[in-house]
Amino acid sequence: MAFAGITLSPAVGAVLWALGLSPVLLAGDNETVARAMAAQVGIDEVITEVLPADKIDVVKRLQEQGKVVAMVDDGVNDAAALAQADLGLAMGTGTDAAIEASDLTLVRGALMAAADAIRLSRRTLRIIKSNLFWAFAYNVAALPLAAAGLLNPMIAGAAMAFSSVFVVANSLRLRRFTSITK
């Protein structure tokens, strides 16, 4: 099933809800067509018959309500709304204007790729935070000992090397990421 060049599947809505997101279908189409499409993919909230220029206003209104807005699109008409969103995701199968206006370009023209991008970015952020925690913990423990002359420079060097190896090994866990769309 495809909608404006974006491949949809019935599992999309469920996956987005499972990620803690509240998907909204923002469409220029008439309400009957948009609601039918939204029902097929499990999206409850539908805003229809919105002109491209008005999509920016819808994004701004959602942001004023305190929501973080991620917008997925592939068309030239919605490039400004992609740029206004907190996170603009353009389909790689879309127009150059949409790709240029977005923050992230998805290689596949499948909406499930957006869910993969969000899952991967969340996992990456967790690993970055973990790496920072251990790096700071090492320094908080080692610096006072070194300043007091209680830490042998050879041991400090070995600990620093281990810290670097730990950060690299921890980061390599991202290689085990598996896509939902496979």
> Taking Gly88, is it assigned to a loop (DSSP other than H, G, I, E, B) and within 22 Å of Val58 (Cα to Cα)?
Replying inline: no
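Conditions tested, residue by residue: (1) surrounded by 13 or more Cβ atoms within 10 Å (Cβ to Cβ); (2) under 30 Å from Ser9 (Cα atoms).
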{"residue": "Ala115", "(1), (2)": "yes, yes"}
{"residue": "Ile118", "(1), (2)": "yes, yes"}
{"residue": "Leu125", "(1), (2)": "no, yes"}
{"residue": "Phe133", "(1), (2)": "no, no"}
{"residue": "Val140", "(1), (2)": "no, no"}
{"residue": "Ala146", "(1), (2)": "yes, no"}
{"residue": "Gly149", "(1), (2)": "no, no"}
{"residue": "Ala161", "(1), (2)": "no, no"}
{"residue": "Val165", "(1), (2)": "no, no"}
> Which residues, taken from the stretch 30-54, are over 16 Å from Met71 (Cβ atoms) and of a type in the set (D, E, K, R)?
Replying inline: Glu31, Arg35, Asp44, Glu49
> From Leu26, Leu111, which residue is touching a residue at least 12 places away in the same chain (Cβ under 8 Å) and under 18 Å from the mean Cα position of the chain (by Cα)?
Replying inline: Leu111
> Which of the residues belonging to the stretch 142-158 are modelled with pLDDT of 85 or more, in a helix (DSSP H, G or I) and either in contact with a Pro (Cβ under 7 Å, 6 or more places away or on another chain) or aliphatic (A, V, I, L, M) (or both)?
Replying inline: Leu145, Met154, Ile155, Ala158
> Regarding Gly42, is this residue at pLDDT below 90, surrounded by fewer than 21 Cβ atoms within 10 Å (Cβ to Cβ) and not hydrophobic (A, V, I, L, M, F, W, C)?
Replying inline: yes
> Does the stretch 82-111 hold any residues that are hydrophobic (A, V, I, L, M, F, W, C) and surrounded by fewer than 19 Cβ atoms within 10 Å (Cβ to Cβ), and which are they?
Replying inline: Ala83, Leu87, Ala97, Leu104, Val107
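The values are calculated or read from the model by the stated rules, or taken from the named source; none is laboratory data. In this text, all values refer to a predicted model and were calculated from it rather than measured experimentally. Because the Cβ atoms are built from the backbone with ideal geometry, glycine has one as well, and the counts that use them run over all protein chains shown.
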